[in-house]
Amino acid sequence: CILVYDITDQKSFDSLDLWMDEFIAQAAPRNPKEFPFVVLGNKSDLAKTKRQVADAKARTWCKNKNEIPFFETSAKDNSNVEQAFQTVARNALKHESSQPPMYVPPATLDLNEKKKQTQSTGCCELL
């Protein structure tokens, strides 16, 4: 899960806890404390003139939340976007490989297996 806030908007950063809690409540992951979150502070291209959320504050928040990976990014100038999404992909694959599959199909499927004969008695079928 990618949590994105705007570094020029303190309220968006303050909402990270709520967004994280809401995601966990809705998705109900098996182990919420180990779920692979990544936090992106977007609009880093405006950091010099309009920053409201200090980089150190965001890093501390992520560290306190089980070492969540953190990147300051800019969609406008494409800074750190590729690195962030590579981390998202690596973490998702690592998390997926550590989880048992939700459904395991049978090893083989007999396509020639005859269907069971059914006997119709009007509104219902008897096997």
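The values are calculated or read from the model by the stated rules, or taken from the named source; none is laboratory data. Remember, predicted model here, so these are calculated numbers, not experimental data. Neighbour counts run over all protein chains shown; Cβ positions are idealised from the backbone, glycine included. For accessibility, only protein heavy atoms count, side chains too; no ligands or nucleic acids. Shrake-Rupley method; radii C 1.70, N 1.55, O 1.52, S 1.80 Å.
Arrange the residues ASP6, ASP77, ASP45 by how much accessible surface each exposes, largest first, with a 1.4 angstrom probe.
Working: ASP6 30, ASP77 85, ASP45 60 Å².
Correct descending sequence by accessible area is ASP77, ASP45, ASP6.
Accessible surface for CYS1 stands near 40 Å², nearest 10, in the context of the full protein assembly shown (1.4 Å probe).
For the pairs LYS65/LYS94; LYS33/LYS76; LYS48/LYS94, note any where the Cα-Cα span goes beyond 24 Å. Numbers along the way, then the final one.
Values: LYS65/LYS94 19 Å; LYS33/LYS76 32 Å; LYS48/LYS94 36 Å.
Long pairs (Cα-Cα over 24 Å): LYS33/LYS76; LYS48/LYS94.
The calculated FRET efficiency for the pair LYS11 and LEU111, based on their C-beta separation and a Förster distance of 41 Å, comes to about 0.10. Label sites at GLU82 and ALA25, each approximated as a point 7 angstrom past Cα along Cα to Cβ, lie 3.9 nm apart.
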